[in-house]
Amino acid sequence: MCGIVAYTGYREAYPIVIKGLKRLEYRGYDSAGIALLNGGLNIYKKKGKVAELEKLLEEKKDELHSHTCMGHTRWATHGEPSDRNAHPHYSNSRGIAIIHNGIIENYEALKKDMQMRGHTFHSDTDSEVFIHLIEDVYENNQCSLEDAVRIALTMVVGAYAIVILSKDHPGQLIAARKGSPLVIGIGKDEFFMASDATPIIEYTNEVVYLNDFEIAIVKNNTLTIKNIEDKISTPYIQKLDLELDSIEKGGYPHFMLKEIFEQPKSITDCLRGRVKSASGHLMLGGIRQYANKLIHADRIIFVGCGTSWHAALVAEYIFEEFTRIPVEVEYASEFRYRNPIIHEGDVVIAISQSGETADTLAAIELAKAKGAIIFGVCNVVGSSIARASHEGAYLHAGPEIGVASTKAFTAQVTVLAMMAIMIAHKKGTITESRYQELLVDLEQLPSKIEKTLQLHKLVETISEEFKNARNFLYLGRGYNFPVALEGALKLKEISYIHAEGYPAAEMKHGPIALIDEEMPVVVIALQDSSYEKIVSNIQEVRARKGRIIAIVTEGEEQIRKIADFVIEVPRISEPLSPIISVIPLQLLSYYIAVMRGCNVDQPRNLAKSVTVE
Ligand code: G6P
């Protein structure tokens, strides 16, 4: 949510920053801007995608020479998307500029105060207030700029990742973070700053993740990290294991399609070294010291948002069946404001692809303060949630860039299934033969996903048939009820068609009123423990002339006779079936969105990583 990138070093800075902004565009794309030192501190910004800014700057290329530059791609919170609200923002004297990701909650009070003291504002953003405040402190305290930033940080309430550039300090970048991610890349005689590592990995794999309340100062070709109390710390340099290929489209028209088709590989990577059916091995290396807390938990509470919340719903079914531990699934945004009851013996599992979702992070901080042990299930290594958790398991699904989450969902369910099976085996709540069977099933996931992906042509044909529908209903039962929610979410997100997901039996309590010959109904109707019941639900839809698209088990006969379209997926044990059944739904939403001319990777109003409340 808002992407920030900055560079200082021996190279031309603008090309690095503009390329970095393109890599970060999944975080927000309603306006973009840069600031650089080219004989003065100059800002160029534009409403719209990064390409619009680039077009504007094409004609000004000759004036963009600088060795220090910072850029921003915005997802609007305060102030509509417009040129004036785009970042960077100048200070009152125009001598300093800021880019900001986050929300300053007390900006109105600060702004009023500043206006009374003669500051003039040029935007409706909370971010502009921040840079005025910094300058105000700088001028009134006769201190260094880095001290002014540090003092100003003690006066703002909210979340931020900021970078500051000053006309009087060429070659200097000052950054700070609280609640919004910031990573610093360390090259030879050059430094990079960004919301995540994707703009950096092309140049260096040595990075430092800034912690909350830390300030990073790059000057005289040296990086200094200090905290808000002015205490200097030694930067902890990590080596990133990220390939450039993994963040590029690799011949696919969209990241989303690439990521859907990557799933055999992402699940293979997710299982690697963790499961070996031949020797009965199942082990999640990240869960060691606190493993007993999980095994003997009185209650497990899952927290997450969006697709990650759907993965948690699947996990609820899996954990309860295998481990017999009571489970609750919470929207992180609700949980954090509810004064939830946490007992000793409760375990919280936070699920987040990015590891940066503000509500999920706040939910775990709250649970931690109440004494819970936290396990993180994240994709992004070194992310805030991963670091705030006691222990956890990474997805190892590779970077997910398409805003609509696909491969992260299947990897989340895979990791959570492994976790549940591991606990159940240790607790003795599943038999040895069931355990063995499940390990084999886990190992077969990549090849079954591969087979499911071969259905893409069929799904494309079905998409053609329904691309102009105005509503969709998705139905599922048991393990596949959350898949119905996820299928509906995918369609809403990228094609802007209204869609609802429901447990199939609940249809009679309302949604059935919507069904007529215009209404496509996607039913996940596998041959599992709910099969007979869901066949009845399909009959109910058919009796009201709804158009049925059924996801069924291969070899299915009965439903073929009553559905308009059937998509046959490989047979797999019921608890793992969501990993397979969701794939045709991902493809359906993708093709429909493309056919409707929608921007699949950058759907309107959305951002990949929601780092504000
Ligand atoms: C945003 C994304 C969703 C994602 C959700 C939670 O809304 O667009 O795809 O599911 O955030 O993100 P997380 O990174 O915590 O899984």
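Below is a table of values for the structure above.
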| quantity | calculated |
| --- | --- |
| Test: residue in the stretch 302-313 that is away from the ligand (no atom under 16 Å from the Cβ) and either modelled with pLDDT of 95 or more or part of a loop (DSSP other than H, G, I, E, B) (or both) | no |
| Count of the stretch 55-99 residues which are surrounded by fewer than 21 Cβ atoms within 10 Å (Cβ to Cβ), part of a loop (DSSP other than H, G, I, E, B) and of a type outside the set (Ser, Thr, Tyr) | 15 |
| Which numbered condition Pro503 fails, given (1) without any contact (Cβ under 8 Å) to a residue 60 or more places away in the chain; (2) in contact with a strand residue (DSSP E or B) (Cβ under 6 Å, 6 or more places away or on another chain); (3) within 24 Å of Thr307 (Cβ to Cβ) | (2) |
| Entirely in the stretch 505-613, the helices (runs of 4 or more DSSP H) that have 2 or more residues that are touching a Phe, Trp or Tyr at 6+ places or on another chain (Cβ under 8 Å) and either more than 16 Å from the ligand (Cβ to nearest atom) or within 26 Å of Tyr331 (Cβ to Cβ) (or both) | 577-595 |
| Top-ranked residue in the stretch 342-365 [being of a type in the set (D, E, K, R) and more than 7 Å from the ligand (Cβ to nearest atom); ranked as modelled with the lowest pLDDT] | Glu344 |
| Selection from the stretch 366-384 of residues that are assigned to a loop (DSSP other than H, G, I, E, B), away from the ligand (no atom under 15 Å from the Cβ) and surrounded by fewer than 20 Cβ atoms within 10 Å (Cβ to Cβ) | Lys370, Gly371 |
| Count of residues meeting criterion [more than 14 Å from the ligand (Cβ to nearest atom) and at pLDDT below 95] in the stretch 397-414 | 1 |
| Meets criteria (surrounded by 24 or more Cβ atoms within 10 Å (Cβ to Cβ) and at pLDDT 95 or above) for Val566 | no |
| Residues (closer than 17 Å to Ser529 by Cα and of a type in the set (Asp, Glu)) located in the stretch 571-603 | Glu574 |
| So Phe319, is it more than 14 Å from the ligand (Cβ to nearest atom), crowded, with 24+ Cβ neighbours inside 10 Å, at pLDDT 95 or above and part of a helix (DSSP H, G or I) | yes |
| Which numbered condition Lys451 misses (of (1) within 16 Å of the ligand (Cβ to nearest atom); (2) more than 21 Å from Ile300 (Cα to Cα); (3) at pLDDT 95 or above) | (1) |
| Total residues in the stretch 269-285, condition farther than 17 Å from His425 by Cα and either among the charged types (D, E, K, R) or surrounded by fewer than 17 Cβ atoms within 10 Å (Cβ to Cβ) (or both) | 3 |
| Tabulated pairs, the stretch 347-359, first assigned to a strand (DSSP E or B), second near the ligand (Cβ under 7 Å from one of its atoms) and hydroxyl-bearing (Ser, Thr, Tyr), C-beta under 6 angstrom, 6+ apart or interchain | Ala350/Thr360; Ile351/Ser308; Ser352/Ser308; Ser352/Thr360 |
| Close pairs (8 angstrom Cβ cut-off, 6 or more residues apart or separate chains): farther than 26 Å from Arg470 by Cα in the stretch 509-532, aromatic (Phe, Trp, Tyr) anywhere | Asp528/Tyr479 |
| Counted residues, the stretch 322-341 - those being of a type in the set (D, E, K, R), at pLDDT 95 or above and within 16 Å of the ligand (Cβ to nearest atom) | 1 |
| Residue that is within 16 Å of the ligand (Cβ to nearest atom) and either assigned by TED's automatic domain parsing to the domain that holds Ile592 or more than 23 Å from Val610 (Cα to Cα) (or both), where the choices are Lys427, Lys492 | Lys492 |
| Filter result (in contact with a helix residue (DSSP H, G or I) (Cβ under 6 Å, 6 or more places away or on another chain) and of a type in the set (Ser, Thr, Tyr)) within the stretch 336-391 | Ser352, Thr360, Ser384 |
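Yes/no per residue for (1) aliphatic (A, V, I, L, M); (2) under 29 Å from Glu206 (Cα atoms):
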site	(1), (2)
Asp126	no, no
Met155	yes, no
Pro170	no, yes
Gly179	no, yes
Ile186	yes, yes
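The values are calculated or read from the model by the stated rules, or taken from the named source; none is laboratory data. For clarity, every value in this text was computed on a predicted model and none was experimentally measured. As a convention, Cβ positions derive from the backbone with ideal geometry for all residues, glycine included, and neighbour counts pool all protein chains shown.
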